[in-house]
1. Over 23 Å between Cα atoms: which of 284/426; 324/496; 68/426 fall into that group?
2. Once the Cβ-Cβ distance between residue 431 and residue 22 is put in as r, and R0 is 60 Å, what FRET efficiency do you end up with, to the nearest 0.05?
3. Quick check: the distance between the Cα centres of the range 310-337 and the range 206-240, to the nearest angstrom?
4. Looking at the range 298-373, which trypsin sites (Lys or Arg not before Pro) are DSSP coil and have at most 14 other C-beta atoms within 10 Å of their C-beta?
5. Write out the chymotrypsin sites (Phe, Trp or Tyr not before Pro) in the range 321-395 meeting two conditions: DSSP loop, and at most 13 other Cβ atoms within 10 Å of their Cβ.
6. How much of the DSSP bridge set in the range 249-514 is antiparallel, in percent, rounded to the nearest 5?
7. Of 467, 495, 514, whose Cα points farthest to the positive end of the dipole of the range 249-514 (charges on the beta-carbon: +1 Lys, Arg; -1 Asp, Glu; origin at the Cα centre)?
8. Calculate the spin-label point distance for residue 448 paired with residue 369, positioning each point 7 Å from the Cα along the beta-carbon direction, and give it in nanometres.
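What follows draws every value from the coordinates through simple rules; no lab data is involved. Predicted, not measured: the structure shown is a model, and the values here were computed from it. Cβ: placed from backbone, ideal geometry, glycine included. Neighbour counts: every protein chain shown.
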Amino acid sequence: MRAPLPDLDALDVEALRALILSQHEEKQRQLEELNRQRAALDEQRTQYQAELLERAEQIERLKLVVEKLRRMLFGRKSEKLSLQLDQLELQLEEMEAIHAALASVPVCDAQPESAGAKPVRKPLPEHLPRQIVTHEPKQSCCPECGGDLRHFGEDVSEQLDYVPDSFRVIRHVRPKFACSRCETVVEAPAPSRPIARGLAAPGLLAHVLVSKYADHCPLYRQSEIYARQGVELDRSTLAGWVGASSELLAPLVDAVRRHVLGATKLHADDTPVPVLAPGNGKTKTGRLWTYVRDDRPAGENAAPAVWFAYSPDRRGEHPREHLKNFTGTLQADAYSGFHHLYDTGRIREAACWAHARRKFHDIHAAHPSLTTTGALERIGALYRIEQEVRGRPPDERTAIRQARAAPLLAELRAWMEKTLRSLSPKSETAEAIRYALSRWRALTRFVDDGGIEIDNSAAERALRAVALGRKNYLFCGSDGGGESAAVIYTLLGTAKLNCVAPERWLREVLTRIADLPFSRVEELLPWNMAADSLSSISEVST
């Protein structure tokens, strides 16, 4: 209730002054209170706006994650029981392969094998066609006394071989000759086999390896396929062949490694591989590292090759050990384990524009915007220049890049810096821009060095076979299984880079490697084989 107004005619001057001051002070207090409330409302509105912006950014991030997961899971089905059964089969495969690899290592004081140590081998099926290979002795007369030789018998052994879409049995026949004077027996030596006393011929071993690691068909499935053709090959037998073959081929992989690390520029990457942890039946995460030498885009003639290495974890000590003797440029992603390699200056870092572009592409696929569109268009312009210079000598590539790509990169950096200031620091787009700006020197190194590529696609292509195989294997049964996989992936990947049909090349390698000394194993590298040998195996690569 408002107070009544006093009789102004009865008030003197001082009383009127006091009344006016009192009213003024009351109005001031009301105005101050109103201003205080207004300030509180403004602060509250600011907080609400900040919360709304933060929630909008969280929603954007969650939608982006959901979109990524949907693309990752596209086409997959949940078959839990089937996956568990596959895991058990694959675990058994790897254990038997490692056992066979260890058993194939010669020891000095080897004891004769127990008669009951291995199951009795079944005779090879009679319905399979036989290819008879006769090994005549080199001598035409008795090596002891020079007398004439007469045929009195022969030793026969058989191997199971595989030619595309069919099996065959190779029957090795070694005629025996006896001297008509002194009865000395003359016979050709038994041909060597890839696996000592093994049943599998080189063609079958090559087929099993390519089917598992290139065609991604696990051994228990191969066993089922062979059974349909009337040939019973247990999974354990196939696993033993894989382990022994990887041991036999290890020297050739060392030769590939030396060739790869002899380059002045490498592409490097890694991928996770689930590995069964011993004892508890659970899986741990191992890593397959890939190092690619491929200078063909820079007009070089050096043979391309890829080397895979396995490690039980992703610690930075592994690439440090792999590259301890390498000097040059390493083109890789932003994995922190590589960073210590650049400290001494012995290895220079070159980053990957494909990684930087992919961050914008993922955001654009979920929520297209002018910013993501602008980034993709500007990066695309750089790639169009790279298409033009692919295959040219390094000096020409450098000149064209400096004239055309360098100005585009300067404009792109200025655009990124300006755009970043207008974005919320927590947005996915801001994060993508910061990723590129923080690695700018490494991302632009290709402009001044014609031998460097714009991205690390060579390493990513090499890992595709591992990604496909991982879907089928589910995991490696042990660390030894991961090491065997690295051996075979190295050879298959190198064959593919050299446009050589992997299975036919491996057949040739497995035929010759057992009789070849370590000092000559480099003769079996795809680019060192005789032209006639390459022409017989160079078909469309799988």
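1. Flagged as over cut-off: 284/426; 324/496.
2. 0.50
3. About 34 Å separates the Cα centre of the range 310-337 from the one of the range 206-240.
4. Numbers: sites: 314, 315, 320, 324, 346, 348, 357, 358, 359; in loops: 314, 315, 324, 346.
Qualifying residues, ordered by number: 315, 324, 346.
5. Of the chymotrypsin sites (Phe, Trp or Tyr not before Pro), the ones in loops of the range 321-395 whose Cβ has at most 13 other Cβ atoms within 10 Å are 335.
6. Numbers: 17 of 25 bridges.
Taking every DSSP beta bridge within the range 249-514, about 70 percent pair in antiparallel fashion.
7. Toward the positive end, the furthest listed residue is 467.
8. In this crude spin-label approximation the distance works out to 3.3 nm.
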